[in-house]
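As structure tokens, the structure follows; a few thoughts come after it.
The values are calculated or read from the model by the stated rules, or taken from the named source; none is laboratory data. Remember, it's a predicted structure, so these values are computed and weren't measured experimentally. Cβ placement follows ideal geometry from the backbone for every residue including glycine, while neighbour counts extend to all protein chains displayed.
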């Protein structure tokens, strides 16, 4: 009986010691990393990738007529005209790259003129509800043109990125493309410097969250470090021409391909 009581006392003491040892931070064995469950494999039923953005995304799939006067007052055009332009008397017909999306199983959800808060307001319907494997986010040009703070822009981009990640979608955050320094009369006027700073913030956030950063900027920027190269400009020195999108496609497609493996 005495032996049995001593055995029970020793067992209780051992249990108490074990509990105290496991609860104390100083006793945690930092050499052993707790096991992490594998991320569940998710099959998405929608497009391979959905691109959300403003006019720079929207225009990617467009074919439209633009008055000649807009080109004549802004940039000189090569002679002969590039293959993507057709002379129609008082206007040019410009064709971008809709086939890039249809052939690759992508969806374009760019809306011309939108800020990132407007993108965010339609994000559930236009992006998440489509259940894509990859979400490609690019925005901020119009926010800067209208004087919105870079922190405000980044907060909207963060919200979109993290909503997609919560649904096990791969996230690609894109740099804002270069443009002329004064494309808007609204403050702040020198957009180039603000675009460079915003891109740095987006890249830092992507690195912090292990999202993919797609950097179009180096391929498109002029020698001044801010402007869109003239050979890649549309009439307003803000929007890329079809040749610029060819470069952008060469940057983004390998990224999406890698994420889909």
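Observations on the model:
- Scanning the stretch 93-101 turns up at least one residue that is over 20 Å from residue 212 (Cα atoms) and assigned to a loop (DSSP other than H, G, I, E, B).
- Single unsatisfied condition, residue 136 versus (1) over 17 Å from residue 243 (Cβ atoms); (2) assigned to a loop (DSSP other than H, G, I, E, B): (2)
- Looking only at the stretch 124-164, residues that are surrounded by fewer than 20 Cβ atoms within 10 Å (Cβ to Cβ) and at pLDDT below 95 come to 4 in all.
- Test for residue 204: is it modelled with pLDDT of 95 or more and under 13 Å from the mean Cα position of the chain (by Cα): yes
Residue-wise test of (1) under 20 Å from residue 48 (Cα atoms); (2) touching a residue at least 40 places away in the same chain (Cβ under 8 Å).
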| residue | (1), (2) |
| --- | --- |
| 82 | no, yes |
| 86 | no, no |
| 89 | no, no |
| 105 | yes, yes |
| 120 | no, yes |
| 123 | yes, yes |
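- Checking each residue in the stretch 102-119 for being buried (at least 21 other Cβ atoms within 10 Å of the Cβ) and either over 16 Å from the mean Cα position of the chain (by Cα) or assigned to a helix (DSSP H, G or I) (or both) picks out 116, 119.
- Some residue of the stretch 165-173 being under 30 Å from residue 84 (Cα atoms) and buried (at least 17 other Cβ atoms within 10 Å of the Cβ): yes
- Within the stretch 158-261, helices (runs of 4 or more DSSP H) holding 2 or more residues that are under 19 Å from residue 51 (Cβ atoms), in contact with a helix residue (DSSP H, G or I) (Cβ under 8 Å, 6 or more places away or on another chain) and touching a residue at least 60 places away in the same chain (Cβ under 8 Å): 242-259
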